Amino acid sequence: MQTEIKHEAERLADAAKTNLMIEGTIWKQLLLFSIPLILGNLLQQMYNTADSIIVGQSVGSNALAAVSASTSLINLLIAFSQGASVGAGVIVSQYLGARDREGVHSSVHTALAIAAILGLALTGAGIALSRQLLIWMQTPDEVMPDAVLYLRIYAGALLFNVMYNMLAGILNAVGNSKRSLIYLAAAAVTNIVLDLVLVCLFDMGVAGAAIATDMSQMASCVLALRFLIKVPASYRVSLEKIRICRRDAVRIIRVGLPTGIQNMVISFSNVLVQSSVNVFGTKAMAGWGAYMKIDGFNILPVTSLSMAATTFTGQNFGAGRLDRVKQGMWVTVLMNLVYTLATGALLLLFCKPLLQLFNADPEVISVGTHAMRYFCPFYFLLGVMHALAGTVRGAGKSIPPMAILLFAMCLFRIFWIQWIVPLFDTIDGVFMLYPVSWLIGLLLMALYAWRGHWLPSIQTG
């Protein structure tokens, strides 16, 4: 009897610390869950963008090009670990939906062990391979020293980046996305202050920007870990219990590996795109890099809603509420559609003032404006594709979205870069690649959501 009372008390304690989305109005739950997530991701993008803005304005277009050249490589290095955090989030949310306290406890500690191993490996690889990767990307000689310096310093703290992503994945899985927002806000403020001090005051250039980012990532990681160590719930972290549980590791890898491979290969294709841009010179690199930062801000709400759909689906799937899964998918599609149509129009309207935040050079602004004209009218394709992929992934079916996105966002892009881009004398061939690949990805993802056997109750749509 006492054991039953204890378990019930623990269940109630979890419920008070966990945002379960298995009951209630779907659009409100998705919106309320995703808003802190969106704001948090925007803050994370902000402190990355702060490097580009402050360096571009204080040091010059060559330094901006160096930071831009490094960004795609940084994304490549951390892409696989982001997949692991997605896998962990799905498993933790399913355990929560099933009210399996032991499963939650075990999966959380296994996830952190995996993150620590990946983080250390990526730190070493990033430091050792920086120069060779930049050479392979055809980085111009005038940019190379700053690019190598920035990338090596940034890579030195990749452990904290990977650990934070996993910690945030756990917090999001239990419905506590507000915490991620708080910690990223602290990181953003830290990064901007340190950027101003190290770059502007002490004239440390790209090295100062990289150090500022490293310190901010360390801060967010420590804060998130501190909270999870103290929280009185089943997902509480005990440092001495961080180890690999084979059962949960297999489940996390089974879900996270396809997403990790997907992210990594897509990031690889973006490296190839960056290499194609580098051929057009420093000004093109700076303009492209500036717009990619703006693009990052714009698509973050899209990916955040997709992550919310993944958590929503995972919890309802674990609870057996398959009817709500399908409803949640359509709600997410509509929300992403409305958002991308609105922001695409706004970005086109204010493109020049936004680009001038990074650099005042007319050539740099011209390249960025040209990119916007290819991207902005077609963001809705990306929004719908991510909504469908996030829902399917939350049901534990991570391989089909991986295969579709790998084909559209990587294999097709590689084909386009090798065979179509050379047909153009201008950079237009590179810019055109993105909306075409989004369209292909959307068509394939919609076909799977309609005809795929991804839920027991949704056999043919």
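Throughout, read-outs are computed from the coordinates displayed, never taken from laboratory work. Worth saying up front: this structure is predicted, and the values here are computed from it rather than measured. Cβ: placed from backbone, ideal geometry, glycine included. Neighbour counts: every protein chain shown.
Here are the numbers for this structure:
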{"item": "On Cα atoms only, tilt of 144-155 relative to the major axis of the chain in degrees", "result": "10"}
{"item": "Least to most buried among Val250, Val193 (fewest other Cβ within 10 Å first)", "result": "Val250, Val193"}
{"item": "Using a Förster distance of 22 Å, the FRET efficiency for Ala360-Cys200 (Cβ separation, nearest 0.05)", "result": "0.85"}
{"item": "Volume in Å³ per residue [convex hull over Cα atoms, computed for segment 363-461]", "result": "96"}
{"item": "P(r) of segment 89-210 over all Cα-Cα pairs, binned every 5 Å from zero, in whole percent", "result": "2, 11, 14, 15, 15, 15, 11, 8, 5, 3, 1, 0"}
{"item": "Degrees, to the nearest 10: 322-349 long Cα axis against longest axis of the chain", "result": "20"}
{"item": "Ascending count of other beta-carbon atoms within 10 Å, so fewest first, for Glu142, Glu240", "result": "Glu240, Glu142"}
{"item": "Compactness of segment 211-347 - radius of gyration and Dmax, Cα, Å", "result": "19.9, 55"}
{"item": "Lysine pair count for segment 2-451 [Cα-Cα under 28 Å; pairs on different chains or 8 or more apart]", "result": "22"}
{"item": "Average Cα contact separation per residue, the chain, under 8 Å, 6 or more apart, as relative contact order %", "result": "23"}
{"item": "Loop-located trypsin sites (Lys or Arg not before Pro) in segment 300-345, at most 12 other Cβ atoms within 10 Å (DSSP)", "result": "none"}
{"item": "Cα point-scatterer Debye curve for segment 2-451, base-10 log of I(q)/I(0) at q = 0.12, 0.13, 0.14 Å⁻¹", "result": "-1.00, -1.17, -1.36"}
{"item": "Likely footprinting exposure, His386, His370, His453, fewest C-beta neighbours within 10 Å first", "result": "His453, His370, His386"}
